[in-house]
Amino acid sequence: MATFKKWWHVAFAFLLVVSLLSPTASATVLQPTNQKVQTATFDVQLSVDGLYGSILPATTEIASTGTTALSLMENTLTANGIPYIVTIHPIYGPYLESVDGRASGSLNGWDGWVYTVNGISPTVGLDAYKLEPDDKVHIYYTTWAKLGTASTVDVGEINPKVTVDLTGDLFLTNASNIANWTINTGTTALTAQSITVNTDQQAVITFSGQAEEGNISITASANALFGDSASEPLTIDVAPSN
């Protein structure tokens, strides 16, 4: 009798293993339970400022775990009827090209759309930044003033004029005040006398004296520019004419 019970238990265990290894049984055993995954939601804030002022005032939205700043922007702008264009760069990925008709580079320079979160510029793009509770996302159009010129000044030239072209920003009427510029004439024996603003991206600087060899450095201060940041310096070489 004891032997019979022993073999009966062995046979039962064998049948149990076989049943678990069969496809039907495995599917039954491995079938996941129907559990709902709880997704955390929280408040965030989005505001958008263009070159000339607010496009979207600070607006509170509901985000969830994993929501990106790009998704927040797209959903909020769409809901408020504000047009935008996001293009895909082959290397850098999604790029905010335009909001409300203002395209990046519209001032012919490195001006364009950037963003901050809680007043800090993230090191990743809008598509890579994952929102956290109470984040304040601010998208805005920024300027980057750079001066250029096609003018040349030759040694011996008397009272030369230099036409300065601006990209990435706009001149204010204050740009006609020479006090709002930093102009270093070095060893050229020239003195900056006056500035005439032709357009919001072009000015003419008139010098007095007879030019000697050296360099002229020209910088428009923040007071002369719409974007409230000084321009990159422009250097002009004064050399003998060829």
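The values are calculated or read from the model by the stated rules, or taken from the named source; none is laboratory data. Note that the structure is predicted; figures quoted are calculated from it, not measured. Using ideal geometry, Cβ is built from the backbone for each residue, glycine included, and neighbour counts are taken over all protein chains shown.
In table form, for the structure just shown:
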quantity: Boolean, Ala189 is closer than 19 Å to Thr235 by Cβ and either crowded, with 19+ Cβ neighbours inside 10 Å or not small (Gly, Ala, Ser) (or both); calculated: no
quantity: Entirely in segment 136-242, the strands (runs of 3 or more DSSP E) that have 2 or more residues that are farther than 30 Å from Ile62 by Cβ and at pLDDT 95 or above; calculated: 146-148, 161-167, 181-184, 191-199, 202-208, 214-220, 234-239
quantity: Scope segment 98-115; condition acidic (Asp, Glu) and more than 10 Å from the chain's Cα centre (by Cα); matching residues; calculated: Asp100
quantity: Residue within segment 134-149 that is surrounded by fewer than 16 Cβ atoms within 10 Å (Cβ to Cβ) and hydrophobic (A, V, I, L, M, F, W, C) present; calculated: no
quantity: Among (1) among the aliphatic types (A, V, I, L, M); (2) more than 16 Å from Asn159 (Cα to Cα); (3) in contact with a Ser or Thr (Cβ under 8 Å, 6 or more places away or on another chain) - the single one Val238 does not satisfy; calculated: (2)
quantity: In segment 150-167, the residues that are surrounded by fewer than 18 Cβ atoms within 10 Å (Cβ to Cβ) and β-branched (Val, Ile, Thr); calculated: Thr152, Val155, Ile158, Thr163
quantity: Where Asp165 falls short, out of the listed (1) out of contact with any helix residue (DSSP H, G or I) (no Cβ under 9 Å at 6 or more places or on another chain); (2) in contact (Cβ under 8 Å) with a residue 40 or more places away in the chain; (3) of a type outside the set (S, T, N, Q); calculated: (2)
quantity: Output for segment 47-68, where each listed residue is within 14 Å of Lys130 (Cα to Cα), in contact with a Lys or Arg (Cβ under 9 Å, 6 or more places away or on another chain) and assigned to a strand (DSSP E or B); calculated: Thr68
quantity: Residue count for segment 71-99, restricted to those that are surrounded by 14 or more Cβ atoms within 10 Å (Cβ to Cβ) and assigned to a loop (DSSP other than H, G, I, E, B); calculated: 1
